[in-house]
Amino acid sequence: MSDKPPAKATTPKRALPRAEAPLESTEEPPEPMHEPGPMIAMQRKRLKWSLTKLAEKSNVSISTISRIENGLISPTYAVLARLCEALEIRWADMLGTEEQRFAKGCRVVNRAGSGVMHNTARGVYEWLGADLATKSMEPTIVEAIPDTGLRKLEGHEGEEFLLVLEGSIVFFMQDYAPLQMSKGDSVYFDASMPHAYYGVTQPARFLSIVSRTRG
């Protein structure tokens, strides 16, 4: 018989886990905010117009135009509409997108969150179908700011349809009582009448479709 001590039981060494490379984020970066000031300034100078002349043509104050051109403020939809009309700029040009003219059989797709983003005093606008020129409707998704009581009602050309997508908003329109609207509620109205909308809850989002021509 062997007089050697019995061998101790051993456990196999476990391999240390390899350091894994960090996973790459699959989230797409947020769409940059679009500022129309440079296009407004360029078109005004191309026409050899002074700030005073553009103010007279658009019914927008000189100080407001100057601040927009210098990126100090973002214009509301109503102000943008008046400037576009005065400068004879198409919305596709104003938004800085690739131009595709509307034609029979055409189609433009916007995936969620892929519209042209524009921050205004009324909230964040996401312009849909912005790369399609000469269209008769302007669809946008708007995230409304809260109602602080400092309300400014503005009108613009055309007719407008509004559908609440999330939360609640309050809709103001000249000659009418304030209208509180919740998800699924809608209103169709004459957009030339001064109006405004503000969020009651946060977030508060709605779809706005403006018809720029009347049949």
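Each reported figure results from applying straightforward, stated rules to the coordinates on display, with no laboratory input. No experiment lies behind these values; they were computed from the predicted model shown. So basically every Cβ, Gly included, is an ideal-geometry build from the backbone, and we count neighbours across all protein chains shown.
If I take every Cα pair under 8 Å that is 6 or more residues apart in the stretch 55-188, average their sequence separation and divide by the length, what percent do I get for the relative contact order?
Numbers: 162 pairs, mean separation 22.8, N = 134.
Normalised by residue count, the contact order of the stretch 55-188 is 17 percent.
A simple spin-label model places the labels of GLU88 and ALA177 4.8 nm from each other, with each point 7 Å out along Cα-to-Cβ. Name the residue farthest towards the positive end of the dipole of the stretch 116-211 from the options SER136, VAL200, TYR125, assuming +1 on Cβ of Lys and Arg, -1 on Cβ of Asp and Glu, about the Cα centre. Most positive-ward Cα: VAL200. The slack between MET117 and ALA133, meaning 0.36 nm per residue of separation minus the straight C-alpha distance, is 4.0 nm. Rg/Rh for the stretch 116-211 stands at 0.94; both radii use Cα atoms, and Rh follows the Kirkwood definition. Quick one: in the stretch 36-95, what % of C-alpha pairs are over 15 Å apart? So the pairs more than 15 Å apart make up 37 percent of the total in the stretch 36-95.
With the convex hull of the Cα atoms taken as the outline of the stretch 42-162, the averaged projected area works out to 8.7 nm².
For THR148 and LYS48, the difference between the fully extended length at 0.36 nm per residue and the C-alpha to C-alpha distance is 32.0 nm.
Pairs exceeding a 30 Å alpha-carbon distance, out of LYS104/LYS152; LYS53/LYS104; LYS135/LYS183; LYS57/LYS135: LYS104/LYS152; LYS53/LYS104.
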